[in-house]
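The values are calculated or read from the model by the stated rules, or taken from the named source; none is laboratory data. Quick caveat: nothing in here was measured; it's all calculated off a predicted structure. Cβ sites come from the backbone with ideal geometry, for glycine too, and all protein chains shown count toward neighbours.
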Amino acid sequence: MKKKIVGMLFVLTMCASLIACGSSTDNTKDNQTSTATPTASASTDATATAAPTDDATTGDNTDGEPAEELSYDETSAAIYAAVLGDFSDAYAMVDTAATVSERYAYSAIAEAKLMEAAVMLPTNTQGGRYAISRVAPYTVDFTYWGNDYDRYHQALVATEIISAADRTEMKEKWAELKGTGTYEAWAKDFLTNKGYTLKDTYTIAYTSDPVTWDALGTSRAADSEAIINTYDGLMEYDVEGTLQPALAESYEVSADGLTYTFHLRQGVKWVDSQGREVADVTADDFVAGMQHMMDAQGGLEYLIQGIIVNANEYIGGEVTDFAEVGVKATDDYTVEYTLEAPCTYFTTMLGYGVFAPMSRAYYTSQGGKFGQEFDSAAADYTYGKDSNSIAYCGPYLVSNATANNTIVFIANDTYWNADNINVKTLTWLFNDGSDTTKGYTDMKAGTIDGVALNSSTIEIARTDGLFDDYAYVSATNAVSYMAFYNLNRAAFANVSDSTAVVSTQTEEDMERTNIAMNNVHFRRAISFAVDRGAYNAQGVGEDLKYNSLRNCYTPGTFVSLEEDTTVSINGTDVTYPAGTYYGEIMQAQIDADGVAIKVWDAAANDGVGSSDGFDGWYNVDNAVAELTTAVAELSAEGLTISADSPIVLDFPYPSNSETYTNRANAYKQSVEAALNGLVTINLVECVDYNQWYYAGYYTDYGYEANYDIYDLSGWGPDYGDPSTYLDTFLSDYAGYMIKCIGIY
């Protein structure tokens, strides 16, 4: 497992004057993102005691002796066990499942425990807002997981804005033709017959530059969204959501389900950023890519731990010879993956960067090494440092990558499928978000080809006469955004720059907040106090403020049972019929536990049911009840919360964005009003997106997280199983998003 011991970082604990010595109770039991340089208000000599348990804090031990200092890893483990122990225990049941449906049901029960722990508040998903666009619906690769939905080469882009009426007709036809392989051709004819002119350029706005161009060394969306357009994988989801051959022409699975053998198409070339040939794409490039991914440990590796033979052992260092890992090139054009156990969702993983190929020859020419010799900090290591230091085998080459300005992708003439590319030039233009009308103005002028409307530009579009004919409500997807709660805060300024995003909390504030955040009822009180509709309206407008609200981590309709399935809900066997959605089972467990969270509405989505489109958390009465319980429990431990002595929570926001500034203020007003002044939301200014990203999104470990509440990060699924979400909250550095709550 990837680990980093931080001996000089400590958990802030309450001093004896604030906490009764030795008092400790334990009432109960994901994701991403503390400080190397303490701020002036932070204690520079704080020492760690036993990690606080949920609903408890620790000071001296019961013998009156100072508590033994714990390492960062030990502290993280103790907090995890106390806060997410119920989730972990429930999730372990997935490994006992006899069927795929039973696996889904156990996953739903586990997620119920995760929601009840309230380590994060679901906020929203992508889409579900008014938009205007020149891009035809369903002409970008369609899938809810992986990276393929960021591939743009098939997009049909018109010179003219596509009307809402025509979009509706196209969507209906897509639903009719889905799976036939004929929609794209139909869409071209439809648009042409309607008088639209198709073009071979597509321009979009973007807000964050890639930090690396190494597809296998990163799991950040801001990186992978760009890099995915530079390479092809074994398989690719098409515009109808069907998995199609890409670099693999065919594959077969052994009878025992343990061996997947892929046969590569021949003649595919690696080229550099200038289009000069580097090498042929061979099976060994998939072996090299997988080994580099495991060496780099950029956040992808957990996906194949326990899936591919000896992957976990290689990553952990028990196996040092990569030949023992279940990835082999049996000849130049055949690659074989051997699994630890049958994996029903293995092929759905192939559209994600973890299975990307990498030219071994080009990598080594850039100073790259493998195994114990790998060192990305070596002076001669240049691989992936910029767009000129990678090899390409995908539809595009990067001809320009100017930070905070422009990224230009041009067609790769050597691409094996070059004749079927609709977009020859893909251009990304940077938008720092400081002008909330810029996107709309650029779209109207034809500078970019589509824009989501915000509360300001909706009214401008109405005035311009564009809204009624061209505005449509975009579809939601499977990306889930969360507001994370930091349970082990150690950073009070950005690690990247100790003068940036500096907390104004006093040392006493910090200590009190740390204790309160480790009380489950306090966290639930905050979650119930947020008027998420008002919060979301700042970006999408009042009309659609509920459309994109999400109420859980895994979308409730992400999977459904394939057969009748019986599972135990708090000791009572319940049989769910085939077709039952994941969200319904999750809700049943939450209801059985008596927690007032609504993650599933059976009447939503025209009776299909959904976890989206309503606010299942905001309830002032529930917030007050949970806070009352928290105040009583914490008072018994020596921590007094009152209007004169509130808990202070830092909430960073980018002041350059009117939308995000308004969202932050809506959050603050809602929580403070609901909780009667017992909690203060301290809005911490980030002068631009970059500072905001470095407060949490760009961090690698929990101790770097510079916030008490952070609403930037989210998670999109990597493959078609609920574990793609839930695995991100595994302990001991295995879960990618666990760092978002300040541990590991």
For this session: Mind counting the residues in the range 340-369 that are within 22 Å of SER254 (Cα to Cα) and basic (Lys, Arg)?
Result: 0
Exercise. Of the residues LEU634, LEU627, which single one is touching a His at 6+ places or on another chain (Cβ under 8 Å), more than 23 Å from ALA537 (Cα to Cα) and aliphatic (A, V, I, L, M)?
Worked result: LEU627
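Given TYR660, TYR693, TYR707, TYR653, which one is in a helix (DSSP H, G or I) and either in contact with a strand residue (DSSP E or B) (Cβ under 7 Å, 6 or more places away or on another chain) or closer than 25 Å to ARG512 by Cα (or both)?
TYR660
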Problem set entry | Members of the range 281-299 that are among the aliphatic types (A, V, I, L, M) and closer than 19 Å to THR338 by Cβ | ALA283, VAL287, ALA288, MET290, MET293, MET294
For this session: At least 1 residues that are assigned by TED's automatic domain parsing to the domain that holds GLU704 and crowded, with 23+ Cβ neighbours inside 10 Å in each: list the strands (runs of 3 or more DSSP E) lying fully within the range 465-581 that qualify.
Result: 480-485
Problem set entry | Complete set of residues in the range 92-130 that are in a helix (DSSP H, G or I) and at pLDDT below 95 | ASP95
Exercise. Does THR680 satisfy the condition of being outside the structural domain of THR554 (by TED's automatic domain parsing), polar (S, T, N, Q) and in contact with a strand residue (DSSP E or B) (Cβ under 6 Å, 6 or more places away or on another chain)?
Worked result: yes
Exercise. Just a yes or no: is a residue in the range 733-740 among the hydroxyl-bearing types (Ser, Thr, Tyr), within 14 Å of the chain's Cα centre (by Cα) and outside the structural domain of ASN551 (by TED's automatic domain parsing)?
Worked result: yes
Seminar exercise, completed: Residue pairs within 7 Å by beta carbon, gap of at least six or interchain, first lying in the range 314-329 and in the same structural domain as THR261 (by TED's automatic domain parsing) and within 19 Å of ARG360 (Cα to Cα), second loosely packed, with under 10 Cβ neighbours inside 10 Å and polar (S, T, N, Q), listed first then second, are THR320/GLN372
Problem set entry | Test result for VAL599, surrounded by fewer than 16 Cβ atoms within 10 Å (Cβ to Cβ), outside the structural domain of ALA529 (by TED's automatic domain parsing) and either closer than 30 Å to THR457 by Cα or not acidic (Asp, Glu) (or both) | no
Seminar exercise, completed: Taking the range 131-147 and keeping residues surrounded by 23 or more Cβ atoms within 10 Å (Cβ to Cβ), modelled with pLDDT of 95 or more and out of contact with any helix residue (DSSP H, G or I) (no Cβ under 6 Å at 6 or more places or on another chain) leaves ARG134
For this session: Kindly indicate which of ASN706, ASN682, ASN665 is farther than 19 Å from GLY742 by Cβ and touching a Phe, Trp or Tyr at 6+ places or on another chain (Cβ under 9 Å).
Result: ASN665
For this session: Would you check if THR192 is in a helix (DSSP H, G or I) and assigned by TED's automatic domain parsing to the domain that holds GLU160?
Result: yes
Problem set entry | Output for the range 382-426, where each listed residue is under 24 Å from LEU198 (Cα atoms) and among the basic types (Lys, Arg) | LYS424
Seminar exercise, completed: Checked the range 364-382 for anything touching a Phe, Trp or Tyr at 6+ places or on another chain (Cβ under 6 Å) and within 23 Å of GLY316 (Cα to Cα); matches are GLY368
Exercise. Quick one: what pairs do we get from the range 255-267, first residue farther than 12 Å from THR330 by Cα, second acidic (Asp, Glu) and assigned to a strand (DSSP E or B), C-beta under 6 Å, 6+ apart or different chains?
Worked result: ARG265/GLU249
For this session: Starting from the range 577-603, keep only residues that are charged (D, E, K, R), then list their pairs with residues that are in a loop (DSSP other than H, G, I, E, B) and surrounded by 15 or more Cβ atoms within 10 Å (Cβ to Cβ) whose Cβ atoms are within a distance under 6 Å, requiring at least 6 positions of separation or different chains.
Result: GLU584/TRP600; LYS598/GLY616; ASP601/PHE614
Problem set entry | Subset of the range 266-286 (residues that are in contact with a helix residue (DSSP H, G or I) (Cβ under 8 Å, 6 or more places away or on another chain) and either part of a helix (DSSP H, G or I) or surrounded by fewer than 23 Cβ atoms within 10 Å (Cβ to Cβ) (or both)) | ASP272, VAL278, ALA279, ASP284, ASP285, PHE286
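When residues of the range 149-206 are filtered for being of a type in the set (Lys, Arg) and within 25 Å of LEU350 (Cβ to Cβ), how many remain?
Restricting attention to the range 149-206, the residues satisfying the condition of being of a type in the set (Lys, Arg) are 151, 167, 171, 173, 178, 188, 194, 199.
Next, from what is left, pick out any that are within 25 Å of LEU350 (Cβ to Cβ): 151, 178.
Residues flagged as of a type in the set (Lys, Arg) and within 25 Å of LEU350 (Cβ to Cβ) within the range 149-206 amount to 2.
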Exercise. Mind checking whether some residue in the range 178-188 is farther than 30 Å from PHE374 by Cα, of a type in the set (D, E, K, R) and in a loop (DSSP other than H, G, I, E, B)?
Worked result: yes
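Considering each of THR320, THR364, THR334 in turn, give the residue that is more than 23 Å from ASN229 (Cα to Cα) and surrounded by fewer than 16 Cβ atoms within 10 Å (Cβ to Cβ).
THR320
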For this session: Evaluate the range 241-259: report whether one residue or more is more than 21 Å from TYR138 (Cα to Cα) and of a type in the set (Phe, Trp, Tyr).
Result: yes
Problem set entry | Meets criteria (outside any helix (DSSP H, G or I) and either at pLDDT 95 or above or surrounded by fewer than 22 Cβ atoms within 10 Å (Cβ to Cβ) (or both)) for ALA222 | no
Exercise. Got a number for residues in the range 387-407 being part of a strand (DSSP E or B) and on the phi > 0 side of the Ramachandran plot?
Worked result: 0
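Determine, yes or no, whether TYR345 is surrounded by fewer than 22 Cβ atoms within 10 Å (Cβ to Cβ), in contact with a helix residue (DSSP H, G or I) (Cβ under 9 Å, 6 or more places away or on another chain) and not assigned by TED's automatic domain parsing to the domain that holds ARG134.
Yes; evaluated as a whole, the condition is true for this residue.
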Exercise. Out of the range 685-698, which residues are buried (at least 23 other Cβ atoms within 10 Å of the Cβ) and in contact with a Phe, Trp or Tyr (Cβ under 9 Å, 6 or more places away or on another chain)?
Worked result: CYS686, TRP692, ALA695, GLY696
Exercise. Does the range 268-277 contain any residue that is small (Gly, Ala, Ser) and over 29 Å from SER365 (Cα atoms)?
Worked result: no
Exercise. Any residue in the range 427-450 that is crowded, with 18+ Cβ neighbours inside 10 Å and closer than 30 Å to GLU277 by Cβ?
Worked result: yes
